[in-house]
Structure formats: C-alpha cells, structure tokens
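Please read the structure below before turning to the comments.
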Amino acid sequence: MLTITAALSLALAVAAAPSAVEKSTLSPDAFSSALSVDGIMSHLQAFAGFAAAGVNRAHGTSGYNASADYVAKVAEQAGLKVSRQSVLEELGQVTIGQLTVNGVVYESPTVVLDAYTNATEVGGSAGELVSLPGSGCEQEDFAGTDGKVVLVMLGECDDNAKVFNSMQAKNLAIILYGDVAPAANPYVEVPGRFVVPVVLHTGISTAQELLGQIENGTVDALVNVQIESVMVPGDNVVAQTSWGSQEKVIMFGAHLDSVQAGPGINDNGSGSATLLEMVKQLANFNHAEYAIRFGWWAAEERGLHGSKQYVQQLSESERDQIAAYINLDMTGSPNYKLGVQDNSNSAGQNPPWISVPAGSVAIERILQEAFRSDGQNSVPTPVSSASDHASFMAMGIPSGYLESGAGARKTALEAELFGGVAGERYDSCYHQLCDNMNNVSPDALIHNARAAGRAMAILANDISAIEEEQRSG
Ligand SMILES: [Zn+2]
C-alpha cells in the first residue's frame, strides 16, 4: 500500500514530467550562451580541494583518483553513460630516503624527496655538506661542489634551473629549502629516467640547523635513497550522451592529471572543468544528429598514456565513428591568447613530421568562426604533439586543439588582440606549485568554453564540412 507521501510524490512526479519534454534540440547559440564561468570555477574549486588532500593531482595520487570519481559522478548525474578504463603507469616508490649528518638521520616528513630525483648506491653515498655563496641560479655558484651535498635556498629563479646547475656541477645531492616545509609525493619518477642528482626538499628550521653545522666546520653527510619501481593505476573517464546517432560521435577531451609539482588548476583543471560545464548544460537538451562523447585522460603528463591507450584499444570501426576530436589543454592561462591549432598551416610553422588528418582544417575553421561569433579574435598555434589530440591525430581522426598558452611568452600582436602583457609568460606558474585557483583567467575560460560549446553544437548536427574535406583530401 502506498503511503500518503509516496502517493503525493508520485503525483508530483507526473506533474513535473512535462518539463522533461521541454528539453530541446542542441543549437549553437542556446548552448554556448548557457555555459557559465561560475560553473567552470565550481569544478576547479573541487579539483583544488582534491589536490590539497592528496598533495597534487598527478597520476597515482588520491588527488587524481578523487578527480576521476568527481568527473564520473557529474557526468552520470547529467544523464550520460559513463565508462572507465584503468591506465597503469610505472612509478617509483621510495623505500629509503635518508640524509644523515653527524649521526642525525633526517627523513620524511622533515626532509622529502623531489618527484624528479635519482637514487644512490645501496647503503648510500657520502659527501661533504656545503652551502652556496649565491642563489644557485648561476652555474658559477656551484664551483668546486663536485660530489658534494649542496644546500640551496629557493627563489630568484626557477627550482629547475638550480637542479640543472647542480647536475652540471656533478653534485651528489641538492637540498632545496624554503619557508614552507614541503609535502612528500606518494610516488617519484623511476630512477635513471632523468639525469639528475638526488633532489631533496626541507623547511627553513631544518635548513638553519644544517647551516649552523656548516658554520662550525666541515660536515660529512651520507645520502641514502632507494627507490623501487611499481605499477600504479589511474582511470580514464569516458562519457557519452544517450541521444544522437551512436554510429557517429563528436568527441571532446582534456587531460585530468597534473604534474607532481602542483595542483594543476590551469594545466589542466581548466580544460577538464570546461568539459564538465558542457556536460552539465547538455542535460537541458535531448536531441542532436550525432552523439557527443567526452574523455578525461589519465597520465597525459607522463607521455599522453591515457589517450594513447584509449585510441589503441578501439577497433578500426570504433575509430571511424569519431567524426571529430577536439582537445582542451590549458584554457585559462592568466596572460592568455586564444589559440586554435593551425591545421591549415596558415602560419607555415607546423613541424613536417606531424601529419594532420583530412577533416581537421574544417574543425579549425569552425573553432575560429566560433570565437568570432563570441566577438573574440583567435590566433593559429602550430600543430603539436604536446597534448592528447596527438593520440587521435596519429590514428587519422580529424582533430582540433584549443589552448591559451603555457610557459612561452606573449607576443606584441597577441597583447593587442587579447590584452595582457607582451613579453611575459602566458602562464608563469606552468607546471609549478602556484598553478592554483589564482592562476586562471575567467575571461580565457569562458571564451574557450563558448568556442568549444558552439563548435560542439554545430558539429553534433552537421559534419558535412569534415566529410567533404575527407572525400577531397
Ligand atoms: Zn597539460
């Protein structure tokens, strides 16, 4: 027997049913104007929270896994069919990470290993502990430190520059220190993959303790770092509309992982969150000619591994079903450009060794036109294998790519077209700890979202321009 409340809720459900029918055919204007920057920001906020809880959002961290769960949940709630594929990555697990100075052992959490570190021989290696006369930004700061353990303060230049100088000077180890005691990554690189010394981090109080000892005379240090290689899983998440022909699909993708150095809010929380906002708004539509599919890729920062695995496990006919793939990677750069991959090679800057599948020029034109419809300029960016669209292009799938710029510097022309500062980096926090919620431009996010959304709605109803190019190509 039904209770009164159950009967009432049934009646309400019936009364509410007509609103479902009010859903409409996907149209470029309606869809692109429904996208909101607040929606994108709310997903970025969620990613930032996962990164904080799991050190970062790199492959193998709880920050990554929570991001994948979140993406799957949002897509399911929007009514899409969601599937996941496990991607295995070889990573290093630290079994011993110790610095011993005058009989005192320093290890995690006081002294932690960088994600890019080498191991030592079994039992450890000995060397004198020294501090540098300068910042470590210049090679000459490291003069005479061959085989030594070098203590260097962070700042003045990129950490990587100091590690590079340390490597050139053939240090046994470099210990970078700053105000904030660093968190230990759950995994590091497999040793030997990069030619680096042992790279350690510590906070100011431990550094002062060590500097005090150096002042008192020669200090011998023993560095013992042992790393075991392990296979670590992380999921690709793929979601597709249940409406539209399932025989041809329009696909969008973004990598979901960050590097180990930071939370990856612009790289590539931005692209991932934009796809989520598109997914959410799709819930208000229920018809288009072709189905729409989204992919959030694992392990991009480790070599496009998630997207590569995805395209490789598709059968040939499944690959043919993907009429277009459009990739979003770093779409919120603070000093942004609005870049569309130059599939037509209009600027003549494309590397000759990357082949562009027929149909891709049509995608470029649609993306350029989409920016124009939003009152925005765009600039051609050279075809590149720097993100997941390269996995699709390698399989002959027509592809496009939106990006607002990484570590390179903005040109004068771009400053004229988009505002911002010429000569400065598009993203000065690229692959760094400061790639956080302060590191995105809302304008860049929304313009890229509207262009992607408009292109999606156009292509979901009409792929004739792509097919035409394929026939004549
Ligand atoms: Zn990226």
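The values are calculated or read from the model by the stated rules, or taken from the named source; none is laboratory data. Just so you know, these numbers come straight off a predicted model, no measurement behind them. Counting neighbours? That spans all protein chains shown, and the Cβs are built from the backbone with ideal geometry, glycine included. Side chains are part of the model used for accessible areas, which takes the heavy atoms of the whole protein and leaves out ligands, DNA and RNA. Shrake-Rupley method; radii C 1.70, N 1.55, O 1.52, S 1.80 Å.
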Taking the alpha-carbon centre of each part, the distance from region 228-266 to region 371-448 in Å is 19 Å
Taking the dipole of region 409-473 about the Cα centre (Lys, Arg +1; Asp, Glu -1; charges at Cβ), the one of Ala457, Leu433, Ala422 that reaches farthest to the positive side is Leu433
Quick calc: nm separation of the 7 Å Cα→Cβ label points for Ala386 and Thr100 -> 4.5 nm
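Rank-order 280-286, 441-447, 408-414 by packing density, defined as the average count of other C-beta atoms within 10 Å over each peptide's residues, highest first. Could you put the intermediate results ahead of the total?
On the way: 280-286: 19.1, 441-447: 22.6, 408-414: 14.6.
The peptides rank, most packed first, as 441-447, 280-286, 408-414.
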Along the dipole axis of the chain (charges at Cβ: +1 for Lys and Arg, -1 for Asp and Glu; origin at the Cα centre), the most positive-end residue among Tyr325, Asn350, Tyr401 is Tyr325
Where a ≥ b ≥ c are root eigenvalues of the Cα gyration tensor, a/c under 1.5 meaning rounded, otherwise prolate if a/b exceeds b/c and oblate otherwise, region 94-230 counts as rounded
For Lys410, the lysines lying under 29 Å Cα to Cα, once residues fewer than eight places off in the same chain are dropped, come out as Lys162, Lys337
Pseudo-spin-label distance Ala415 to Ser62, built 7 Å along Cα→Cβ, given in nm, is 4.5 nm
Expressed in angstrom and rounded, the centroid-to-centroid distance over alpha carbons for region 273-294 and region 26-65 is 15 Å
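How many percent of all Cα-Cα pairs in the chain sit more than 28 Å apart? Present the calculation step by step, with values, prior to reporting the outcome.
On the way: 62291 of 111628 pairs.
The calculated P(r) of the chain puts 56 percent of pairs beyond 28 Å.
Counting only helical runs of four or more DSSP H residues, what would the 222 nm mean residue ellipticity of the chain come to if each run contributes -39,500 (n - 2.57) and the total is spread over all its residues?
Numbers: 14 runs with 163 residues, N = 473.
Helix-only estimate at 222 nm: -10500 deg cm²/dmol.
Multiply the residue gap between Ile214 and Gln349 by 0.36 nm, knock off their C-alpha separation, and tell me the result in nm, one decimal place.
Numbers: separation 135, 0.36 × 135 = 48.60 nm, distance 5.24 nm.
Between Ile214 and Gln349, full extension yields an extra 43.4 nm.
Beyond 19 Å, what share of the Cα-Cα pairs of region 213-363 remains, rounded to the nearest whole percent? Before the final figure, lay out each step's value.
Values: 7509 of 11325 pairs.
Here the long-distance tail beyond 19 Å is 66 percent of all Cα pairs in region 213-363.
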Residues whose built amide H sits under 5 Å from the amide H of Asp114, excluding neighbours closer than 5 in sequence, are Val199, Leu200, His201
A 1.4 Å probe over the protein heavy atoms gives the chain a carbon and sulfur accessible-area percentage of 52 percent
The lysines whose Cα lies under 21 Å from the Cα of Lys81, excluding any fewer than 8 residues away in the same chain, are Lys23, Lys73, Lys248, Lys280
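For region 297-338, what is the charge dipole size about the Cα centre, in debye to the nearest 20, if Lys and Arg each add +1 at the Cβ and Asp and Glu each add -1 at the Cβ?
The calculated dipole for region 297-338 is roughly 160 debye.
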Per residue, accessible area of the chain with a 1.4 Å probe, heavy atoms of protein chains only, in Å², comes to 42 Å²
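For Cys137 and Asp38, what does the FRET efficiency come to when R0 = 35 Å and r is the distance between their Cβ atoms, rounded to the nearest 0.05?
Using R0 = 35 Å, I get an efficiency of 0.30.
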For Lys148, the aspartates and glutamates lying under 12 Å Cα to Cα, once residues fewer than eight places off in the same chain are dropped, come out as Glu128, Asp220
Going residue by residue through region 40-56, the Karplus relation 6.51 cos²θ - 1.76 cosθ + 1.60 with θ = phi - 60° gives ³J(HN,Hα) values, rounded to whole Hz and with x marking Gly or Pro, of 4, 4, 5, 6, 4, 4, 4, 4, 4, x, 5, 5, 4, 6, x, 6, 7
Asn284 and Leu314 label points (each 7 Å along its Cα→Cβ direction) are spaced in nm at 2.9 nm
Measuring from its Cα centre, the chain shows a charge dipole (+1 at each Lys and Arg Cβ, -1 at each Asp and Glu Cβ) which, in debye to the nearest 20, is 1060 debye
With the dipole of the chain defined by +1 on each Lys or Arg Cβ and -1 on each Asp or Glu Cβ, the option from Gly97, Gly264, His389 whose Cα lies farthest towards the positive pole is His389
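Any idea what the dipole of region 94-230 comes to, in debye rounded to 20, about its Cα centre with Lys/Arg Cβ at +1 and Asp/Glu Cβ at -1? Present the calculation step by step, with values, prior to reporting the outcome.
Details: 4 positive and 17 negative charges, 53 e Å.
So the dipole magnitude of region 94-230 works out to roughly 260 debye.
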